Structures are given as C-alpha cells and as structure tokens.
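Engineer: Handing you a structure now.
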Amino acid sequence: MEDSKLQDYEEKFYLNCGFATRALHAGEKVGRPEHVAHTSPIYQTSTFVFNNADHGAKLFAGTESGYIYTRLGNPSALLLEAKINALEGSEVKKKNPNLRVSTLAFSSGMGAIASTLLAILSQGDTLILGDVLYGATEHLASNILSKFGIKSVEVNTSDLSAVEKCIRENPTAKAILFETPTNPLLVVTDIKKVSDIVKSVNPQIKVIVDNTFATPYLQRPFEFGADVIVHSTTKYICGHGTVVGGLMTTIHDEVKNAAYTVIKDVGGNPGPFDCWLVNLGLKTLPIRMEKHCQNAMAIAKYLEKHPKVAKVYYPGLPSSPYHDLAKKQMKDFGGMISFELKGGLVAGKKLMDNIVIFTLAVSLGCVDSLIQHPASMTHACVPRDKRLKGGLTDGLVRISVGIEDIDDLLAALEEGLALV
Ligand SMILES: Cc1ncc(COP(=O)(O)O)c(C=O)c1O
C-alpha cells in the first residue's frame, strides 16, 4: 500500500483499538518516511534540507507540505501529537467521524497553558479560572495576562450554581480553565455539567480542562463536552521524570491554528529528544497508571486509619465528597494523595525529612514515589490567605505514589510516621 493510504488505513483501524494498543502504535509512522528503524528516530535537527530552491519556496508558500525548521514543526513532535490525538480523541471521533482532533506539543505544561490562553483571549476578554490551580497558572493570569488587558475571575467549579452565576456576570468571558482533579486537594469537577452550563449560557466560551493529574487513560474531557485539553507531560504522560513538556489538544481548528501561530511567533516548541522521551513514556502509560492507582488506593486507606493523620484527600476513598463523581467521570482515581497530619507543619517536616523511598521533590507522576509540602513549595506563590481559603493549609503534605511494591511503600510510611 502507498504510504499515505497506509497511514489513513492505520489511523482508522486504531480508532477502534483499545487504549494500550493506541498508546503503543498510534502515530508511530507519522513523519517517518524511511520505515526502517523499529523505534522511531529522534529528528534532532534545527533545520531541514530542501530538495532545491523551488521546493523551499513552495514549503514557505504553504503550497507543499513538509518540514522547514524545528520551531515550525518536527517529525518527533508530530508523532507525539498524532498519538495524543488518538488517546484523547478516539472515543469522540468514533461518535463523530467529521470531528478534527489536533494536538500541539510544547516545551512545558506552562508553555501549553500560556500559548493556549494567548491563542483564545484578546484584550478586553475575561478568563474564568477554577479557584484552586497550579500556582504558576494563577500567577500567569494575575501577573502576565493582566498586562495585556485580559481580566481573570475565579470560581469554584465544583459549585455549579456559582459557575452559572459567574458566567452570567462576565459576558466578556471567552474561556474557562480548570483542573480536575485539582493540585493538590484532588477536588473533582463535573466536566459534563460545567460544559453544559457554559454552552447553555454563553456558547462562545471555550471549556479548557487541565488533564495533567488524570491523563487520557483515566479521563477524557472531550467525552464530557470540553473544547480544549492541556497537559503537563512532565508528569504521568512522560512518567520517568526526564522531561519538562506540555500539550494542548483541541476539537476546534481555529484554536489549533491560533496556538500554532503563538508557537511560530513566540516559540515554546519542544525539543525533538524531549518529544521522543515523552512518546516512549506514553507506550507504558496504561500499565503505569493501573499500578499508580492500585498503590494510591492502598496508601489512602492506610493513611485514613492512621492515628496521626487528621485528613486524607483522595477521590478513591468512599469518604471523599468527590468519590461518586470521580467514579462516573474517571476510569480509576489516580496516583496523587494529599494529607494533613495532626501535628501540622512540624509533623509534616519531620515526615518529609525522615521517610525512605519517597523522594523529597516537587513534580509528580514519576514511576517512583515523591513527597512534598505544597504551602512552601508548589503553591508558595499563592497568597497565604487565599491558600487557606482554598483549604490548602500549612500542614498539608502531598505524595505522588509511584509504582514500587506496595508493601515497601506502606513500610516506609509506617516507619516515617512513627518518627512524627
Ligand atoms: C496541574 C498542573 N498543570 C500544569 C503544570 C505546569 O507544568 P510544567 O511544570 O510542565 O510547566 C503543573 C506542574 O506541576 C501542574 O501540576
């Protein structure tokens, strides 16, 4: 079969395959003309060779497709983008074959979020934000977007009447961005209900979901009405702590085209080697996520019963107010847990400084377990009163549960907590 026909045929075939098959095979032949190496090569190059002057001119004029310069596109990035289209978009595409799902890869999660917002919003527009977000996302809205005349307002997206009120009160809103589950309190938002409210009150507003904590293996926001999905691939998608990267996936061509212009003119494209590493990580996403979820559930249950633990935040626990919603919206509950020790910050510091296996480091979603203190680390740039209002107390500890043997993780926690 000709290359282009084979690619079309494969794309359609993979639409009906399971998640693990898509994670391994989707996109693998995109941008790979030679079909020689079993693992796709890293196109570690800044620029591409033109066949002759006419060819170069046609590529620049857009009358022929191909690669020019890595900021404008690179086969290693294209493969990753095609795979994410298949992982985030296959279910919705099966229902609506005319839907076009497009992904752009970025050099970081923040690069993806900032470029997406710059693509959608203009001076005078309003951005609605979930009220508990990764610190840099909040900082971006209040310190950078504000300089360009983009106003931001916050709303608790798990309170549907507050969402409706906020949309009615902000007729200049063009986007709503929220995380679900949130970092670090694991608050779950009903994507379908929020999307329905947004579309019924102001269909102009794009619903943007930061799907970093869940990954497309556990939750696919397009199936619930989202318009745009952003990821920090630094986390579970890469999974090995080797890359800082990001993605934006959308079902709207105009969003993709505008975000592409931002990459082209502002930069923010990922390096080819980083794309290759993220793609490698994606191949094992399903089995990694299964194990992260299994381990996290066992640890959450253990912590909930521990006499030194005041509160555990994990949507997999039946005691979580988000348990039923998470069960409906997610395949499983993820690998992130936050908890409050009865001894507050002093006890938390003692645990973080003494525990074995769990590495004291920010970031999350690595194959190995990490532990950190949101108030002084990931969320240090959120003003204290606002942090406390959102339930993010000084004594909160966050763990990213890895895929180690569960008995060893439990033993490490038992010993660490005994010292508290
Ligand atoms: C939910 C969420 N979104 C976005 C980001 C930003 O991603 P990056 O660090 O890759 O820029 C993070 C980082 O921790 C995050 O936790």
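Read-outs: derived from the displayed coordinates by stated rules, not from any lab. Since the model is a prediction, treat every value here as computed from it, not as a measurement. In this analysis, Cβ positions are derived from the backbone assuming ideal geometry, glycine residues included, and neighbour counts consider all displayed protein chains.
Engineer: Per DSSP H run of n ≥ 4, the term is -39500 (n - 2.57); total these for the chain, divide by its residue number, and report the mean residue ellipticity at 222 nm rounded to 500 deg cm²/dmol.
Structural biologist: Computed ellipticity for the chain at 222 nm equals -12500 deg cm²/dmol.
Engineer: Show me, for region 263-275, the HN-Hα J-couplings you get by feeding each phi into the Karplus relation (A = 6.51, B = -1.76, C = 1.60, θ = phi - 60°), rounded to Hz, glycine and proline as x.
Structural biologist: Rounded to whole hertz, the list is 4, 4, 9, 10, x, x, 6, x, x, x, 5, 4, 4.
Engineer: Okay, next question. Calculate the dipole size of the chain relative to its Cα centre from +1 charges on Lys and Arg beta carbons and -1 charges on Asp and Glu beta carbons; express the result in debye to the nearest 20.
Structural biologist: So the magnitude is around 640 debye.
Engineer: How many percent of DSSP beta bridges within region 297-398 run antiparallel, rounded to 5?
Structural biologist: 80
Engineer: Find the all-direction average of the projected area of the Cα convex hull for the chain, expressing the result in square nanometres with one decimal place.
Structural biologist: Orientation-averaged projected area of the Cα hull: 20.8 nm².
Engineer: A further question follows. Counting only DSSP beta bridges with both residues in the chain, what percent are antiparallel, rounded to the nearest 5?
Structural biologist: Antiparallel: roughly 55 percent of the beta bridges in the chain.
Engineer: Here is a follow-up. Would you mind ranking Ser320, Ser161 so that the residue whose beta carbon has the fewest other beta carbons within 10 Å leads the list?
Structural biologist: Ranked by crowding around the Cβ, least crowded first: Ser161, Ser320.
Engineer: Whose amide H sits under 5 Å from the amide H of Leu341, counting only residues 5 or more places off or on another chain, with H placed in the peptide plane?
Structural biologist: Amide H neighbours of Leu341: Ala310, Val397.
Engineer: Per 10 Å bin, what percent of the C-alpha pairs of region 286-418 does each bin hold, from zero upward?
Structural biologist: Binned Cα distances yield the sequence 13, 45, 36, 7.
Engineer: Starting at the first residue of region 11-23, write each ³J(HN,Hα) from the Karplus equation 6.51 cos²θ - 1.76 cosθ + 1.60 with θ = phi - 60°, in whole Hz, x for Gly and Pro.
Structural biologist: Karplus-based 3J(HN,Hα) across region 11-23 equals 4, 5, 4, 5, 3, 9, 8, x, 4, 5, 5, 5, 4 Hz.
Engineer: Which of the three applies to region 341-420, rounded, prolate or oblate, going by the alpha-carbon gyration tensor with a ≥ b ≥ c and a/c under 1.5 meaning rounded?
Structural biologist: Verdict is oblate for region 341-420.
Engineer: Of Lys83/Lys291; Lys29/Lys327; Lys12/Lys264; Lys95/Lys264; Lys93/Lys206; Lys305/Lys350, which ones are farther than 24 Å apart at the Cα?
Structural biologist: Violating the 24 Å Cα-Cα cut-off are Lys29/Lys327; Lys12/Lys264; Lys95/Lys264.
Engineer: Follow-up. Return the long-range amide H neighbours of Asp210 (sequence gap of 5 or more, or a different chain), with a cut-off of under 5 Å between placed amide H atoms.
Structural biologist: Counting only residues 5 or more places away or on other chains, the set is Phe178, Glu179, Thr180, Val230.
Engineer: Can you work out ³J(HN,Hα) from phi for every residue in region 76-88, in order, using Karplus 6.51 cos²θ - 1.76 cosθ + 1.60 and θ = phi - 60°, giving whole Hz and x for Gly and Pro?
Structural biologist: Taking θ as phi minus 60°, the curve returns 5, 6, 5, 4, 4, 5, 5, 5, 5, 3, 6, 7, 7 Hz for region 76-88.
Engineer: By count of other Cβ within 10 Å, fewest leading, how are Glu11, Glu179, Glu414 ordered?
Structural biologist: Ranked by crowding around the Cβ, least crowded first: Glu414, Glu11, Glu179.
Engineer: Given the options Thr70, Thr45, Thr393, which has the most mean-square fluctuation in a GNM of the chain, springs set between C-alpha atoms less than 10 angstrom apart?
Structural biologist: Thr45
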